[in-house]
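Participant: Can you keep this structure in mind? I'll have questions shortly.
The values are calculated or read from the model by the stated rules, or taken from the named source; none is laboratory data. All of these numbers come straight from a predicted model, not from anything done at the bench. Cβ coordinates were reconstructed from backbone atoms using ideal geometry, including for glycine residues, and neighbour counts include every protein chain displayed. Ligands, DNA and RNA are excluded from the accessible area calculation, which covers all protein heavy atoms including side chains. Shrake-Rupley method; radii C 1.70, N 1.55, O 1.52, S 1.80 Å.
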Amino acid sequence: MTTPRLRSTRGRLVTAAGGLSAAVLAVTLAVPANAAGSTLQAAAAESGRYFGTAIAASRLNDSTYTTIANREFNMITAENEMKMDALEPNQNQFNWSSGDRIVNWARQSGKQVRGHALAWHAQQPGWMQNMSGTALRNAMLNHITQVATYYRGKIHSWDVVNEAFADGNSGGRRDSNLQRTGGDWIEAAFRAARAADPNAKLCYNDYNTDNWSHAKTQGVYNMVRDFKARGVPIDCVGFQAHFNSGNPVPSNYHTTLQNFADLGVDVQITELDIEGSGSSQAQQYQGVVQACLSVARCTGITVWGVRDTDSWRASGTPLLFDGSGNKKAAYTSVLNQLNAGGTPAPNPTTPPPTGNPTTPPPTTPPPGGASCTATYSEGEKWNDRFNGTVTIRANTNISNWQSTVTVRSPQKITATWNGSPTWDGSGNVMTMRPSGNGSLAAGQTTSFGFTVSHGGNWTWPTVSCSAS
């Protein structure tokens, strides 16, 4: 059982406004995935995502623990073994043994690794806690450089900076020894990490940033927006997602994930655990997974531990397996939701298809005085499927629109977003209508998207639009 010291900051969870509601659970996708995975990692992979867990090196001799971890998860985070105090117990003297044990176990098992965490105000070694100013800044940057260089090529994503924003209503930074080295310390950390490992995803990670209306969420959002505008190398934002009855999954969780993704970063759920039991806990887990699946740039989910007894919150039974390793109702709800399908996540590890698709169909002219135009553009591509986006442009003021999308056999549309679709009997012709108000002013645009399972036929769909 993890000692309280190891996750002490998590005890200060802020109560969210409102719990999981129908607004979250109503984020559904029109067509279920064709394949059903029998494990969490297999089901998540159907939409190009990972499903991970936190691992403790001390438990790798527990066969029940490793059997579950190996079967169900394909992304591994070291629970404590890659934090600052573990890797650099004495200044500039590094101890890689426990971190290496987890990284090697994961990679030998065909799994990827999230690095957690390069810079954090907590779990600093004693020598660092006694430093300040320029000396501390340089020690932090040296730690980042040495650790990210040592593990270069082995890490999928790094939590470069962890929990740097304050709880409460200020929306500002946490007062810490790192913050007192200068307001640009987070930027400096990201630049050092990029220089040390150019290919790893670089993430900012925090808790209580789930509710879009909270000041802390807005503070992190503004930082990420600023970083993207100025070219600071940030690739992803991690949402820890520690929930309980006083801090339930907020009804606007999907909105939060989507708004961050719209900044041009991936979003990852990094430390998910939900205290509770039975159907209530299962429903909360379902809502989190559903929200991630509805955001194309939500690339994966990590639960913070394997069994309830392995959790830092063990008394709250917050995980997907009980202490004996049995699957809980929450496990079933997660697996079923993953198998229900989702917006495919970008997958840079999958090579693009050979050859090029056919020349894109021309923009459909407005027939018979119709007042809208549909334009197709290509999105992400994988070996077995591709994404497409249709942009609707109003040529005059319109009160409503509908668009027809035709794919060619054996192609099938397997998921859609930003609209309400219907299909003809063949399944090859989809009519998309707005899910809300369809009015557009002249020159205004809107868009919807979909995924096509191509079955070997890379021909682009044809699209058209009509309006009233």
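Participant: Counting only DSSP beta bridges with both residues in segment 114-221, tell me the antiparallel percent, nearest 5.
Facilitator: So the antiparallel bridges in segment 114-221 amount to around 10 percent.
Participant: Right, here's the next one. Using a 1.4 Å probe on the protein heavy atoms, what percent of the accessible area of the chain belongs to carbon and sulfur?
Facilitator: 47
Participant: Sequence neighbours fewer than 8 away in the same chain don't count; with that in mind, list the aspartates and glutamates whose C-alpha is under 14 Å from residue 412.
Facilitator: Correct list for residue 412: 384, 424.
Participant: Can you work out the FRET efficiency for the pair residue 468 and residue 226, with r the C-beta to C-beta distance and R0 = 45 Å, to the nearest 0.05?
Facilitator: 0.55
Participant: Related question: Go ahead and run the numbers for FRET between residue 167 and residue 409, Cβ-Cβ distance against an R0 of 41 Å, rounding to 0.05.
Facilitator: Given R0 = 41 Å and the Cβ-Cβ separation, E is 0.15.
Participant: On to the next question. If you build the convex hull over the alpha carbons only and average its shadow over all orientations, what do you get for the chain? Give it in nm² to one decimal.
Facilitator: 22.8
Participant: A further question follows. Starting from the Cα-Cα distance between residue 176 and residue 329, subtract it from 0.36 nm times their residue separation and give me the gain in nm to one decimal.
Facilitator: Additional length available on full extension: 51.1 nm.
Participant: Still on this structure, please answer the following. Compute, for segment 292-333, the length of the dipole vector about the Cα centre, with Cβ point charges of +1 (Lys, Arg) and -1 (Asp, Glu) only. Units Debye, rounded to 20.
Facilitator: Rounded to the nearest 20 debye, it is 120 debye.
Participant: Further question on the same structure: If the cut-off is a Cα-Cα distance under 17 Å, which aspartates and glutamates reach residue 327, setting aside same-chain residues fewer than 8 apart in sequence?
Facilitator: 72, 273, 275, 308, 310
Participant: Continuing with the same structure: What 222 nm value per residue comes from the helices of the chain, counting each DSSP H run with n ≥ 4 as -39,500 (n - 2.57) and dividing by all residues, nearest 500 deg cm²/dmol?
Facilitator: -7500 deg cm²/dmol
Participant: At R0 = 22 Å, how high is the FRET efficiency between residue 107 and residue 199 if r is their beta carbon distance? Nearest 0.05 is fine.
Facilitator: Result of the calculation: an efficiency of 0.90.
Participant: Can you find, among 382, 172, 61, the residue sitting farthest towards the positive end of the charge dipole of the chain, where Lys and Arg contribute +1 and Asp and Glu -1 at Cβ?
Facilitator: Farthest along the dipole direction, towards plus: 382.
Participant: Next question. How far, in nm, would the chain grow between residue 152 and residue 59 when pulled straight, counting 0.36 nm per residue and subtracting the alpha carbon separation?
Facilitator: 31.0 nm
Participant: Next question. Mind checking the per residue accessible area of the chain for me, 1.4 Å probe, whole number of Å²?
Facilitator: Accessible area per residue, the chain: 38 Å².
Participant: Could you sort 428-439, 312-323 so that the peptide with the highest average Cβ count within 10 Å comes first and the rest follow in order?
Facilitator: 312-323, 428-439
Participant: Report Rg (one decimal) and Dmax (nearest whole number) for segment 148-231, counting Cα atoms only, units Å.
Facilitator: 13.5, 39
Participant: Taking N as the number of residues in segment 252-338, what value does Rg over Cα atoms divided by 2.2 N^0.38 Å take?
Facilitator: Taking the Cα Rg and dividing by 2.2 N^0.38 Å, one obtains 1.11.
Participant: Work out the count of Lys pairs in segment 109-266 where the Cα-Cα distance is under 25 Å, with the pair 8 or more places apart or on different chains.
Facilitator: Lysine pairs meeting both conditions in segment 109-266 amount to 6.
Participant: Grab the other residues whose beta carbon is less than 14 angstrom from that of residue 328, score K and R as +1, D and E as -1, and report the net.
Facilitator: Net charge around residue 328: -4.
Participant: Place a point 7 Å from Cα of residue 422 in the direction of its Cβ. Which residues in segment 435-456 have their backbone N less than 11 Å from it?
Facilitator: The answer is none, because no backbone nitrogen lies closer than 11 Å to the label point.
Participant: For the chain, what proportion of DSSP beta bridges, expressed in % and rounded to the nearest 5, is antiparallel?
Facilitator: 55
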